[in-house]
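Visitor: So that we are looking at the same thing, I have put the structure below in structure tokens.
Values quoted throughout were computed directly from the atomic coordinates according to the rules given, and no laboratory measurement underlies them. Being a predicted model, the structure only gives us computed values, none of them experimental. Using ideal geometry, Cβ is built from the backbone for each residue, glycine included, and neighbour counts are taken over all protein chains shown.
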Amino acid sequence: MGCCMSKQQVARANRAAKWKTTGIVGLRDSNLKTLPSQVLDLARSVRTLDVTHNKLVDLPVEIGGLINLQRLMVAENLLQRLPSSLGKLQALKVLALDENKLTTLPDELGLLVRLERFSVSLNSLSSLPSAIGSLRNLTLLNISHNRLKQLPESLGSCYSMEELLANDNLIEELPHTVCNLTHLKSLGLDNNKLAQLPTLLLKECTSLQSLSVHGNPITAEQLQLMESFDEYEGRRRRKFDKQLDANVLLGSKGLDEGVDLKLMNKV
């Protein structure tokens, strides 16, 4: 028995040594219910923490001690809440919280000023904190498959945003501040309750190449009458022409991306 325990201890020590050397903690598919104390003990050494597909109900307050953490992957768990100490992860650039049981996000999320990619799809969020507007370096926000009825006005302050995915929610209206997102290239709004879009969306979002609004009350005719629709349509076509010229393998939706007027007319 002692020999067995000794081997386990050696294995744990070797694992911790590897984590410290590489800065990468990989615990995906490990059937975890709590975060191992070994991880928290490494503190400043951890740069990537991947605990995807486990059974974590919450994250410990002590996670705020991983101050050099740049990538935190906690998708496919059972998270019901996030600790406010998450805001101490000032070096964080990537945060994946998809497929959990989150109903709210802490205001401290706005302290993650270096965050570039944030995905929290397949949860039960009914709102987003206004503090999200402090994420000026955010290029990707995926909030699809939640229960959102509206988006905060502050979202328009995420000036670096290039991709905003808000499909499969209950959104009835977009804040006009979305028009401030001049770097926005892709906007996914499928299966919401949108009857119209901000009047100047296509005029002000001059980088927009893909706009998807299938499954909404808005009509194709309304979109075609929006100011600068022709300019947007030109960008969209050029994008797909480039993909075809480069023989890019298209996804399952193929060319049915962006505003598909024929499909919308059938809805």
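Visitor: Do we find that LEU72 is touching a strand residue (DSSP E or B) at 6+ places or on another chain (Cβ under 8 Å) and not in a loop (DSSP other than H, G, I, E, B) in this structure? Lay out the reasoning, then the answer.
Guide: Working: touching a strand residue (DSSP E or B) at 6+ places or on another chain (Cβ under 8 Å): yes; not in a loop (DSSP other than H, G, I, E, B): yes.
Here the answer is yes, as LEU72 does meet what is asked.
Residues are listed down the side, and each one gets a yes or a no for (1) in contact with a helix residue (DSSP H, G or I) (Cβ under 8 Å, 6 or more places away or on another chain); (2) exposed (fewer than 13 other Cβ atoms within 10 Å of the Cβ):
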position: LEU194; (1), (2): no, no
position: LEU202; (1), (2): yes, no
position: CYS205; (1), (2): yes, no
position: LEU208; (1), (2): yes, no
position: LEU211; (1), (2): yes, no
position: LEU223; (1), (2): yes, no
position: MET226; (1), (2): yes, no
position: GLY234; (1), (2): no, yes
position: ARG238; (1), (2): no, yes
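Visitor: Same structure, new question: Report every pair of residues separated by at least 6 positions or lying on different chains whose Cβ atoms are under 9 Å apart, first residue within segment 36-48 and within 16 Å of ALA91 (Cα to Cα), second in a strand (DSSP E or B) and of a type outside the set (A, V, I, L, M, F, W, C).
Guide: Sorted first by the residue in segment 36-48, then by its partner, the pairs are ARG47/ARG71; THR48/GLY26; THR48/ARG71.
Visitor: Hey, can you tell me all the residues within segment 160-179 that are of a type in the set (Val, Ile, Thr) and assigned to a helix (DSSP H, G or I)?
Guide: Answer for segment 160-179, where residues must be of a type in the set (Val, Ile, Thr) and assigned to a helix (DSSP H, G or I): THR177, VAL178.
Visitor: Is it the case that MET73 is without any contact (Cβ under 8 Å) to a residue 24 or more places away in the chain, under 14 Å from the mean Cα position of the chain (by Cα) and buried (at least 16 other Cβ atoms within 10 Å of the Cβ)?
Guide: So MET73 does not fit the description; no.
Visitor: For residues that are hydrophobic (A, V, I, L, M, F, W, C) and part of a loop (DSSP other than H, G, I, E, B), scanning just segment 46-58, find the one that is nearest to GLN80 (Cα to Cα).
Guide: So, considering only residues that are hydrophobic (A, V, I, L, M, F, W, C) and part of a loop (DSSP other than H, G, I, E, B), the one nearest to GLN80 (Cα to Cα) is VAL57.
Visitor: Give me the residue from segment 100-159 that is in a loop (DSSP other than H, G, I, E, B), touching a Ser or Thr at 6+ places or on another chain (Cβ under 6 Å) and of a type in the set (S, T, N, Q) and, out of that set, surrounded by the most Cβ atoms within 10 Å (Cβ to Cβ).
Guide: SER144
Visitor: Select from segment 162-181 the residues that are hydrophobic (A, V, I, L, M, F, W, C) and more than 14 Å from the chain's Cα centre (by Cα) and write down the one among them that is surrounded by the fewest Cβ atoms within 10 Å (Cβ to Cβ).
Guide: Result: LEU170.
Visitor: Here is a follow-up. Of everything in segment 15-45 that's assigned to a loop (DSSP other than H, G, I, E, B) and of a type in the set (Lys, Arg), which residue is farthest from LEU79 (Cα to Cα)?
Guide: ARG28
Visitor: Right, another one. What do you reckon, is GLY23 surrounded by 15 or more Cβ atoms within 10 Å (Cβ to Cβ), touching a residue at least 24 places away in the same chain (Cβ under 8 Å) and within 18 Å of SER85 (Cβ to Cβ)?
Guide: It is false that GLY23 is surrounded by 15 or more Cβ atoms within 10 Å (Cβ to Cβ), touching a residue at least 24 places away in the same chain (Cβ under 8 Å) and within 18 Å of SER85 (Cβ to Cβ).
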